[in-house]
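Here is the structure we will look at, set down as structure tokens.
Values in this text are rule-based calculations from the coordinates and carry no lab data. All figures in this text were calculated on a predicted structure; none of them were measured in a lab. Ideal geometry is used to build each Cβ from the backbone, glycine not excepted, and the neighbour counts take in all protein chains shown.
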Amino acid sequence: MIEINGLAKKFPVESPKKLSEQERKDPRLRGRHFHSVKDVSFHCEEGQVLGLLGPNGAGKTTTLRILSTALKPDKGEVSINGHNVLSDPTIARRKIGFLSSSTGLYGRLTGRENITYVGKLHGLGDSEVASRIADMADLLDMHSFLDRRAENFSSGMKQKVSIARAVIHQPELVILDEPTTGLDIMATSTVMAFIRRLKEKGTPVIFSTHHLDEVQELCDRVSVINVGETVFDGTLAQFSSLSDGRMHDSFLKTLNQTSDEEVSNVVNL
Amino acid sequence: MWLIFKKEFTELLRDKKTIMFMIVLPVLLFPLIIGVTVFFTSMAVDKAENKVLNFAVVGKQYAPDIYQSMVQETDKFNEVTLPENADYATLINNETVDFVLEIPETFNPDILNSGQHTLTLYLNDAGLNKVRSRVGEVVDKYAKEYQVAAFSTLGMDEAQQNALLDPVIIERENIADDREVWGERLGGMLPYFIFFLCLQGAMAPASDLGAGEKERGTLETLLISPMERYKVVLGKFFTIGAAGVICALITVTSMAVWGLLISQGMAIEFVADIMAMVGIADFVLIFLMLVPVVAIFASVLLSLSIYARSFKEAQSYMGALMMVVIFPVLIAMMPGVELKGGWIWVPLTNVALAMKELLKGTMDYFALFGIFASTLAIAVAMLTFCVYWFNKEKVLFR
């Protein structure tokens with residue numbers, strides 16, 4: 001079980017004068033600090049998929065970066081199966097597989113070398129890495145490009161290799177930050193199938209997305225973050241029932257907005 | 001740590017840009033520079049030596065021997081008749097004549113009675129030319145004849161002639177051996193060259209290993225791996241250091257090899273003499289002195305690179321660093337700066353001076369140990385800072 005309680009994280013603002021008008025109006029900007037995450041809490045059981053929703057800039061990526069141990073929170077607790085992630089991040093890193101939204105590959109290495117490198121960073125042996133890559137090449141349909149240099153990969157190829165790289169060490173928790181953004185339909189369905197398979201194997205998955213159809217198809221739980229705070233945390237059924245099964249309206253409701261207000265915001269932009 | 005080193009080095013060797021800077025450029029650029037310079041210089045010298053010089057002698061009737069010599073050497077000189085009241089400067093500048101030799105009417109071969117004579121040579125001496133030496137060859141021959149005739153008239157023997165010409169001679173007995181002389185001449189340049197090359201070779205990989213990781217979005221993958229941060233830093237640090245040393249070695253070797261090939265026999269003898277004088281042990285010591293210096297460079301470059309948001313930003317920081325690093329090495333090249341007193345404790349300057357002393361064969365090995373230890377201490381401090389820097393969120397996620 002993964003538990004996140006009361007996470008908070010602020011970042012120093014190097015030059016407040018350079019911020020845009022909109023950024024200056026953000027209530028999270030206090031003095032020379034931007035409180036990206038103020039109070040985020042949610043949990044996810046074994047074999048569950050949790051969809052992390054929220055508008056752009058809500059604090060989803062910061063939350064996932066804290067979960068992955070890339071960032072240290074100022075406040076709050078994170079535990080994976082009872083293990084405190086923050087007190088011993090090195091051990092936690094062996095349990096976590098993380099795909100960041102801005103993830104990149106080493107262009108001068110082949111797809112296989114990219115995955116092997118991370119596998120070895122996790123202490124896996126040559127034969128173990130090779131057999132796991134072979135399995136994932138089947139699952140993610142990577143055989144045709146696995147031994148080509150990554151510098152010429154398409155977005156879909158890159159994302160498949162990045163996902164394989166994130167789970168090569170068979171983590172206890174998989175965190176995916178917008179894994180289908182920018183992918184074509186075929187690549188998206190491969191990624192979706194892969195998440196489904198992780199779920200079947202009992203691996204909990206936390207993924208952030210803007211696609212509510214993906215949430216409806218894959219998720220058991222939903223957590224919504226807005227302006228750095230958790231505004232909804234519950235099952236998919238609870239989320240869906242907020243607006244009689246209309247996912248889009250449910251999402252807006254958690255943000256205290258209606259469809260009309262959303263349209264009005266867009267028009268005002 | 002070695003896993004990271006191996007991966008970084010593999011990537012480095014597959015990077016065309018790095019290969020260009022680290023191997024191709026040093027191997028091809030120096031021979032190209034040396035070759036082109038030697039080719040054009042020798043062409044220009046050859047042309048100046050063999051050119052038929054257009055000349056005019058004013059007052060030729062006062063020194064007919066000299067004038068006739070020039071006229072007869074038609075493969076070297078060509079007489080041009082000057083108009084009345086000619087402006088020599090204009091004629092020389094518009095290349096009507098290459099020189100004008102003016103002989104005074106008082107000129108007389110009997111120098112005992114007439115005294116010393118001054119011939120005026122008008123020429124444009126701004127570019128490469130051999131006018132002075134070629135005219136000198138003709139005039140000096142006759143000057144010597146006039147001198148011998150004068151001594152003969154005075155009835156002086158050869159010893160008296162020599163005493164009169166050079167009453168006091170200082171005979172130099174240089175107690176410095178050849179090694180010390182050559183070490184003094186080359187020793188200042190060598191560290192400057194090597195330091196510069198080490199830094200240059202390390203810059204491209206350093207930019208890629210820090211700022212490049214940020215720009216590509218691969219840094220996060222590394223940060224969330226179970227590998228301890230200090231091992232990540234060490235892996236990158238060794239890659240950058242190795243690149244710097246390899247670049248310097250390739251460049252120096254390239255220069256030596258191509259220098260031998262281009263200048264042939266003379267350089268072979270010269271280089272062989274230097275090698276025989278210095279000895280392997282001193283070369284090894286020079287290399288060992290370089291190790292902590294490269295470590296300092298690698299740590300600082302990696303710290304700058306990891307701070308930068310982009311490859312471009314990293315390159316601009318490193319350009320400024322180049323000036324900072326080269327300054328203490330330039331100090332070591334200044335006259336009067338020796339490995340004594342306070343200079344022993346000036347970082348980088350002391351290593352440059354120590355390298356010079358090693359080449360000269362006058363190194364105090366006890367001082368060498370101190371310099372090595374102090375430079376190593378600075379390198380360790382820089383590396384420690386780099387590890388600390390690599391743990392700062394403010395730096396990693398700027």
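In a reduced charge model with +1 at each Lys and Arg Cβ and -1 at each Asp and Glu Cβ, the stretch A:139-231 shows a dipole moment near 340 debye about its Cα centre.
The angle between the Cα long axis of helix A:126-139 and the longest principal axis of the Cα atoms of chain A comes to about 60 degrees, rounded to the nearest 10.
With a Förster radius of 56 Å applied to the beta-carbon distance between B:Val380 and A:Ser189, the computed FRET efficiency rounds to 0.55. With a Förster radius of 51 Å applied to the C-beta separation of B:Glu184 and B:Ser316, the computed FRET efficiency comes to 0.85. With q set to 0.07, 0.08, 0.12, 0.14 Å⁻¹, the log10 of I(q)/I(0) for chain B, from the Debye formula over equal scatterers at the Cα positions, is -0.57, -0.67, -0.99, -1.17. Database remark: amide H of B:Asp98 closer than 5 angstrom to the amide H of B:Asn54, B:Phe55 (H placed geometrically; neighbours at sequence offset of 5 or more, or on other chains; Pro and chain starts carry no H). Screening chain B for whole DSSP H helices of 27 Å or more along their axis (Cα) with average Kyte-Doolittle hydropathy at least -1.0 returns B:30-50, B:131-154, B:189-209, B:229-278, B:280-307, B:311-333, B:365-390.
So if I take the alpha carbon set of the protein assembly as shown, get Rg, then get Rh from the Kirkwood formula, what is the Rg over Rh ratio?
Values: Rg = 39.1 Å, Rh = 31.9 Å.
Rg/Rh: 1.23.
Separation of the stretch A:11-56 from the stretch B:1-63 is 58 Å, based on Cα centroids. Each of B:Gly127, B:Ala86, B:Val52 was scored by the projection of its Cα onto the charge dipole of the stretch B:46-137, and the greatest displacement toward the positive side belongs to B:Gly127; charges sit on the C-beta of Lys, Arg, Asp and Glu.
Cross-link partners of B:Lys16 among aspartates and glutamates, defined as those whose alpha carbon lies under 19 angstrom from its own and excluding same-chain residues fewer than eight positions apart: A:Glu113, A:Glu151, B:Glu8, B:Asp208, B:Glu213, B:Glu215. Here the label points at A:Arg94 and B:Lys340, each 7 Å from Cα along the C-beta direction, are separated by 6.2 nm in the simple model. Taking 0.36 nm per residue of separation and subtracting the current Cα-Cα distance, fully stretching the chain between B:Ser42 and B:Glu158 would add 37.7 nm. Using the Karplus relation 6.51 cos²θ - 1.76 cosθ + 1.60 with θ = phi - 60°, the per-residue 3J(HN,Hα) values for the stretch A:166-176 come to 6, 10, 4, 8, 6, x, 7, 9, 10, 10, 10 Hz, with x marking Gly and Pro.
I need the calculated FRET efficiency for the pair B:Thr81 and B:Phe193, taking r as the beta carbon distance and R₀ as 45 Å, to the nearest 0.05.
Working: r = 54 Å, r/R0 = 1.21.
Given R0 = 45 Å and the Cβ-Cβ separation, E is 0.25.
Work through the residues other than A:His210 whose Cβ is under 13 Å from its Cβ and net out their charges, Lys, Arg +1 and Asp, Glu -1. Let's see the in-between values first.
Working: positive: A:Lys60; negative: A:Asp177, A:Glu178, A:Asp213, A:Glu214.
Cβ neighbours under 13 Å give a net charge of -3.
Would you mind counting up the charge near B:Val45? Only other residues with Cβ under 12 Å from its Cβ, with Lys and Arg at +1 and Asp and Glu at -1. Net of charged neighbours comes to +1.
Placing a pseudo-label 7 Å from each Cα along the Cα-to-Cβ vector at A:His248 and B:Val324 gives an inter-label distance of 5.6 nm. Near B:Phe390: Cβ cut-off under 14 Å, other residues only, Lys/Arg at +1 and Asp/Glu at -1. The net charge is +3.
For B:Lys60, the aspartates and glutamates whose Cα comes closer than 13 Å to its Cα, not counting residues fewer than 8 places off in the same chain, are B:Glu79, B:Glu102, B:Glu105.
The share of Cα pairs per 10 Å bin across chain A, counted from zero up to the longest distance, runs 7, 28, 33, 23, 8, 1 percent. Only Lys, Arg, Asp and Glu carry charge here, each on its Cβ (+1 for the first two, -1 for the last two); on that basis the protein assembly as shown has a dipole of about 3100 debye about its Cα centre. Once you reduce the stretch B:138-215 and the stretch A:131-163 to the center of their Cα atoms, the two points are 64 Å from each other. Three semi-axes describe the equivalent ellipsoid of the stretch B:33-102; taken as square roots of 5 times the Cα gyration tensor eigenvalues and ordered largest first, they are 29, 16, 8 Å.
Distance between the modelled labels on B:Asn94 and B:Arg398, one decimal in nanometres: 6.4 nm (7 Å Cα→Cβ projection). Reducing the stretch B:356-398 and the stretch A:88-122 to their Cα centroids gives an inter-centroid distance of 32 Å.
The relative contact order of chain B, computed from alpha carbon pairs under 8 Å that lie at least 6 residues apart in sequence, is 21 percent.
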